[in-house]
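Below: one structure, written as structure tokens.
The values are calculated or read from the model by the stated rules, or taken from the named source; none is laboratory data. Quick caveat, the model's predicted, so the values are computed rather than measured. Backbone-built Cβ (ideal geometry, glycine too); neighbour counts: all protein chains shown.
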């Protein structure tokens, strides 16, 4: 049965269960964060804290971390993961419901958004907001999204994805939002093959713990480090790093 959770994703626990399954992909999670580690500053806004997989790393690196997470089931896990850490503050609401002036006043030097932008219906407005919220001159906006529109399938809809992205579309969105791209690259081509197989052959509507375990054991140890040496032309996801343009848009 085809299940589309794009408009109810924060009201059900499916996304929380999926994050719990994906938490076992430790090599992959470390690989994703390695792209952004050099850009993490002292004051971080994490858009979509989920169950705290990345949050627990951020609070050990930054002076202040503010998380946004609207899913109640995920928040329960997040509280268990992070506890009452003094460096962390949570806004338990949607990004669109946050007080924009309050976020601007935080003067974040880092905005981190991993596998969240695709869940936001008006993703262009979200990027424009990130450009406004990132205040210091050396601030960075760090984005990780699913790639290749043709790979969109039942699992994307079940997870609440409104879309997948290409290099061209994401680059245009950054430019329109007033963000100057510093990094834009694909990652995980083998994962893309697996995703396409699930989209067009098995038609899975949930991540497979078995597939994740096999990837972690047989693929991740050699394929992910290899990307540091040989850039890939296509992949399951896109990594983007931008900085707010200090030049007025015409």
Practice item. Can you tell me which residue within region 59-78, out of those that are under 28 Å from residue 228 (Cα atoms) and touching a helix residue (DSSP H, G or I) at 6+ places or on another chain (Cβ under 9 Å), is surrounded by the most Cβ atoms within 10 Å (Cβ to Cβ)? Key: 59
**Study point:** Unique residue being under 24 Å from residue 39 (Cβ atoms) and surrounded by fewer than 10 Cβ atoms within 10 Å (Cβ to Cβ) when the list is 246, 210
**Key:** 246
**Study point:** Residues within region 11-39 that are more than 23 Å from residue 220 (Cα to Cα), out of contact with any strand residue (DSSP E or B) (no Cβ under 9 Å at 6 or more places or on another chain) and either at pLDDT 95 or above or surrounded by 18 or more Cβ atoms within 10 Å (Cβ to Cβ) (or both), tallied
**Key:** 3
Check your understanding: Among the residues of region 94-134, how many are within 21 Å of residue 144 (Cα to Cα), outside any helix (DSSP H, G or I) and without any contact (Cβ under 8 Å) to a residue 60 or more places away in the chain?
Key -> 2
